[in-house]
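Engineer: I'd like to ask you about the structure that follows.
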Amino acid sequence: MTYRFSKFVPKTTTDPVGDILRVAGHPGVISFAGGLPAPELFPVEKVQAAAQAALAEHGAAALQYGSAQGVPQLLDVITDRIKREQINATRENVLVTTGSQQVLDLVAKLFINPGDSVIVEEPTYLCAVDAFKSYGANLVGVEMDDDGIRVDELEQVLKNRDDVKLLYTIPNYQNPTGRSMPAERRQQIAQLAEKYDLIVLEDNPYGEINFTGERIPSIKSYDQSGHVIYTSTFSKILAPGMRVGWLIADEELIPHFTMLKQTVDLHTDNFTQYTIAKFFEQNDVDEHVRQITDLYRSRKDAMIAAMEKYFPADVKFSRPTGGMFLWVEVPGGVDTQALFNECIANHVAFVPGEPFYPKDAPAGKFRLNFSNTPADQIEVGIQRLAEAMVATPV
Ligand code: PMP
């Protein structure tokens, strides 16, 4: 049977990153490849207690169809929580979603016509690239430096093209680089959005995993004109398997997003939403986030210390101030696929940089995850990776 698929869906189901993760998951391999939170900190018993309390209090309502926008108790948790991002929102500015991944899809659905250009950081989160492409977007990469996307380059693109609809950016502890954007750039992006009538999708899944305590205001906090759509998630501070995230946008946009969401999944799971609201009512969530942050900081420190000890001196790496990832740059154009193969033979894994670039990827870059591996294993894994670097021909 030859199925006549939509012209925007990929012609094949080859999944290079899935293949990497499968190999990385083999027993004995120390994997820095995935993007998983540390499961030992999932608050299983507290979620169990919250689920029981949610059922006891809301009964059938927790199991019935519900509002597409989200349950009121959870909307209140969200508007309260995002005050720390200096965002003032009311329930009317919020839509609860099935993870923040759904927000990427809904924003593309609402704004992208086939052929519209979407600007992304180079490199960026690869499932965002796939979401935008599935609506026929043309992806335009803008270079980053150690402080995130280059705003001067961004403005050049906006000046030179009239087909740009959307900018997608991850200002805190970016996936894949771990880099963060200073306040000044965030403010400049909000100003450019207004000047060039550009929608900005600010994706902040890692913002609360903050190693330094310094909080930089969100891009949304500088938004005077309604151009910025903000998204975050309970995936990194609670549990990704619960699949609950949210977006914050101008009040006028929420009914549009809500209508589109209804055609996809009617609404996000009510029972889980009530459970999360109860979890916030019953627990000191700040203390829980502190535990996650302390663990990830110690793992990041272990990774950096091991890289300083074992990597050749000319290998560069980012020093994230939060989040779950860091970015390694090997000079001399090493073929990261050859390095990956050498690493697998040496029982350690990473994700090569290529899939994080919308078009032409430079050689010799790769992502390491530090949240999912104990510190003693991190040292062993980095030592193996360093040995593989020496053994890989350039
Ligand atoms: N955005 C970024 C940058 C991510 O890294 C992820 C998940 N790894 C997501 C969005 C999606 O997260 P979720 O759907 O679990 O909220």
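The values are calculated or read from the model by the stated rules, or taken from the named source; none is laboratory data. Only a predicted model underlies this, so the values are computations on that prediction, with no experimental measurement involved. As a convention, Cβ positions derive from the backbone with ideal geometry for all residues, glycine included, and neighbour counts pool all protein chains shown.
Engineer: Working only within the range 352-379, note down all residues that are basic (Lys, Arg) and within 17 Å of Val328 (Cβ to Cβ).
Structural biologist: Going through the range 352-379, the residues basic (Lys, Arg) turn out to be 359, 365, 367.
Hits for the range 352-379 are Lys365, Arg367.
Engineer: I'd like the full set of residues that are in a loop (DSSP other than H, G, I, E, B) and within 25 Å of Ala131 (Cα to Cα), limited to the range 352-370.
Structural biologist: So the first thing to find is which residues in the range 352-370 are in a loop (DSSP other than H, G, I, E, B), and the list is 353, 357-364, 370.
Within the range 352-370, Gly353, Tyr357, Pro358, Lys359, Asp360, Ala361, Pro362, Ala363 qualify.
Quick grid of which residues meet (1) within 16 Å of the ligand (Cβ to nearest atom); (2) farther than 21 Å from Gln174 by Cα; (3) part of a loop (DSSP other than H, G, I, E, B); (4) touching a Ser or Thr at 6+ places or on another chain (Cβ under 7 Å):
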site: Pro217; (1), (2), (3), (4): no, no, yes, no
site: Gln224; (1), (2), (3), (4): no, yes, yes, no
site: Ile237; (1), (2), (3), (4): yes, no, yes, no
site: Phe257; (1), (2), (3), (4): yes, yes, no, no
site: Gln262; (1), (2), (3), (4): no, yes, no, no
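Engineer: Could you pull out the residue among Thr13, Thr2, Thr79 that is on the phi < 0 side of the Ramachandran plot and touching a Ser or Thr at 6+ places or on another chain (Cβ under 7 Å)?
Structural biologist: On the way: Thr13 fails: touching a Ser or Thr at 6+ places or on another chain (Cβ under 7 Å); Thr2 fails: touching a Ser or Thr at 6+ places or on another chain (Cβ under 7 Å).
Answer to the check: Thr79.
Engineer: Here's something else I'd like to know. Output the residues belonging to the range 177-199 that are surrounded by 21 or more Cβ atoms within 10 Å (Cβ to Cβ) and in contact with a Leu (Cβ under 8 Å, 6 or more places away or on another chain).
Structural biologist: Across the range 177-199, the qualifying residues are Thr177, Gly178, Ile189, Ala193, Ile199.
Engineer: Let me ask something else. Identify, from the list Ile292, Ile276, the residue that is assigned to a helix (DSSP H, G or I), assigned by the TED database to the domain that holds Met144, under 20 Å from Ala38 (Cβ atoms) and modelled with pLDDT of 95 or more.
Structural biologist: Values: Ile292 fails: assigned by the TED database to the domain that holds Met144.
Every option except Ile276 fails the conditions.
Engineer: Please go through the range 341-356 and give me each residue that is under 17 Å from the mean Cα position of the chain (by Cα) and either of a type in the set (Val, Ile, Thr) or not assigned by the TED database to the domain that holds Ala386 (or both), ordered by number.
Structural biologist: Val351
Engineer: Return the residue satisfying two criteria in turn: it lies in the range 244-255 and is of a type outside the set (Val, Ile, Thr) and within 10 Å of the ligand (Cβ to nearest atom), and of such residues it is nearest to Asp80 (Cα to Cα). So that I can check it myself, show each step before the final result.
Structural biologist: Step one: of the range 244-255, the residues of a type outside the set (Val, Ile, Thr) are 245-247, 249-253, 255.
Pick out the ones that are also within 10 Å of the ligand (Cβ to nearest atom) and you get 245-246.
On the way: Gly245: 15, Trp246: 13 Å.
Per the criteria, the residue is Trp246.
Engineer: Among the candidates Val44, Val23, single out the residue that is more than 16 Å from the ligand (Cβ to nearest atom), out of contact with any Leu (no Cβ under 6 Å at 6 or more places or on another chain), free of Cβ contacts under 8 Å to residues at least 24 places away in the same chain and among the β-branched types (Val, Ile, Thr). Write out each step before concluding.
Structural biologist: On the way: Val23 fails: free of Cβ contacts under 8 Å to residues at least 24 places away in the same chain.
Exactly one of Val44, Val23 is more than 16 Å from the ligand (Cβ to nearest atom), out of contact with any Leu (no Cβ under 6 Å at 6 or more places or on another chain), free of Cβ contacts under 8 Å to residues at least 24 places away in the same chain and among the β-branched types (Val, Ile, Thr), namely Val44.
Engineer: Among the numbered criteria (1) surrounded by fewer than 24 Cβ atoms within 10 Å (Cβ to Cβ); (2) touching a residue at least 24 places away in the same chain (Cβ under 8 Å); (3) within 16 Å of the ligand (Cβ to nearest atom), which one does Gly241 miss?
Structural biologist: (2)
Engineer: Spot the failing condition for Leu167; the list is (1) crowded, with 20+ Cβ neighbours inside 10 Å; (2) more than 20 Å from Ser221 (Cβ to Cβ), and only one is missed.
Structural biologist: In the conditions (1) crowded, with 20+ Cβ neighbours inside 10 Å; (2) more than 20 Å from Ser221 (Cβ to Cβ), Leu167 misses (2) alone.
Engineer: Hey, does the range 52-63 have a residue that's closer than 26 Å to Leu167 by Cβ and away from the ligand (no atom under 16 Å from the Cβ)? Before the answer, list the steps.
Structural biologist: Just the residues of the range 52-63 that are closer than 26 Å to Leu167 by Cβ, to begin with: none.
No, the conditions are met nowhere in the range 52-63.
Engineer: Looking only at the range 108-133, how many residues end up being within 12 Å of the ligand (Cβ to nearest atom), buried (at least 24 other Cβ atoms within 10 Å of the Cβ) and either small (Gly, Ala, Ser) or not in a loop (DSSP other than H, G, I, E, B) (or both)?
Structural biologist: We begin by selecting, within the range 108-133, every residue within 12 Å of the ligand (Cβ to nearest atom); these are 120-121, 123-131.
Checking the rest, the ones that are also buried (at least 24 other Cβ atoms within 10 Å of the Cβ) come to 120-121, 123-124, 128.
When the remaining residues are screened for being either small (Gly, Ala, Ser) or not in a loop (DSSP other than H, G, I, E, B) (or both), the result is 120-121, 128.
So the answer is 3.
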